[in-house]
Protein chains: 2
Amino acid sequence: MTRDVFQAIADPTRREILGMIAYQSLNVNTVSGNFKISRAAVYKHIKILREAGLVEIKQAGRERYCHAKMEKLLTVSDWIEQYRKLWNQKLDSLEAYLDKLQNKNTAAKKEN
Amino acid sequence: MTRDVFQAIADPTRREILGMIAYQSLNVNTVSGNFKISRAAVYKHIKILREAGLVEIKQAGRERYCHAKMEKLLTVSDWIEQYRKLWNQKLDSLEAYLDKLQNKNTAAKKEN
DNA sequence: CACTTGCGAAACCAAAAGGTTTCATATATA
DNA sequence: TATATATGAAACCTTTTGGTTTCGCAAGTG
C-alpha cells in the first residue's frame, strides 16, 4: 500500500522516529527501545512510514535496519513552496508599510 | 485549542480548502459548495484549520469569510528543511559516482 | 540441540476522525 | 413582520488510529 506522506508525518511519534534514523540507520528494537510505548506499537508506526516510502528496511542477520528516505518529504515541501510567495508578499507589504511609517516620521527621503 | 499544523494538513480535503482560499478569501458556504460532502463536514474541517492557525474567520454581515494564513506552514517547512542537506548529500554522492563511472569509461582523469 | 533474540502478525480495545441529520440563531429581504 | 440565508453546534454513527497482549518463527549462541 502506498500511503500518503502528509498523513505519515502527521503523527509526532513517527516524526520522532524519522529524526532518530535520519543520520544513522537503526534496527527495529533499538528504535522502539527509545519509546515508552510497546515495540508492537512502534513497529506499526514504522510500517506506516515504510508504506509512505519514508523508511526502507534491510535485513542483516536476524536484525532489520530502518533507513530513512527523507527525499520523500519533497512531496510536502513542494506543496508548501507553491504558497511561499504568498506569505513573503504579505511580509513585503508589511515591510513597505513600516518603511512608509518610518519615512513619515523622519520626514525626508522619498525614493521608491 | 491550538492544534497541530502537521495534523491539520494531513487530510486531503483540508489541503484542498487551503488551496481554495489561498488567493482569495471565501465564505463558508462557497467553500463547502465546492465539495460533495455536507456543509457541516466541511465546516468541521475549517474549524480544525482554524485551530491550527491556518485559517482565520472574519464576519461580514451574516457571512463569515475564511482567510488562509499560509505562513503557518513554516512550522512544517522548517522541520523538513533541517533534513534537506541529507538528501542533497545523497544526490551529490550519486552524481559523484556517476561522474566517476563516466571518467572510467572515457578512461583518463584520475583525481579524487 | 536447547535457549535467547529480534521480528512480524493477529486479536482485541478505547478514543479520535470524518460524515450525516437536525435544530437554533443572527442577518438580510420582500 | 414573515421568510430566506448563512452559520454554529449538538447528537449519532461507522471507520480509522494508536495501543496492548499474545503467539509463532527464523537467526544467533552456549
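Each value in this text was obtained by applying a stated rule to the coordinates, not by laboratory testing. Everything numeric in this text was worked out from a predicted model, so none of it was measured. So basically every Cβ, Gly included, is an ideal-geometry build from the backbone, and we count neighbours across all protein chains shown.
The dipole here belongs to chain A: it is taken about the Cα centre, uses +1 on the Cβ of Lys and Arg and -1 on the Cβ of Asp and Glu, and is about 300 debye.
Estimated purely from DSSP H runs of n ≥ 4, each contributing -39500 (n - 2.57), the mean residue ellipticity at 222 nm for chain A is -18500 deg cm²/dmol once divided by its residues.
Think of each Lys and Arg Cβ as +1 and each Asp and Glu Cβ as -1; about the Cα centre, that makes the dipole of the range B:24-85 roughly 240 debye. For the pair the range A:24-98 / the range B:33-107, the C-alpha centres are spaced 13 Å from each other. The relative contact order of chain A, computed from alpha carbon pairs under 8 Å that lie at least 6 residues apart in sequence, is 26 percent. Other protein chain C-beta atoms within 10 Å of residue C-beta, averaged over A:3-9: 4. Evaluated at q = 0.08, 0.09, 0.15 Å⁻¹, the base-10 log of the normalised Debye intensity for the protein assembly as shown, with identical point scatterers placed on the Cα atoms, takes the values -0.46, -0.56, -1.04.
What is the average number of partner chain Cβ atoms found within 10 Å of a Cβ in B:18-26?
1
For the protein assembly as shown, the Cβ-based charge dipole about the Cα centre amounts to some 480 debye (Lys, Arg positive; Asp, Glu negative; other atoms uncharged).
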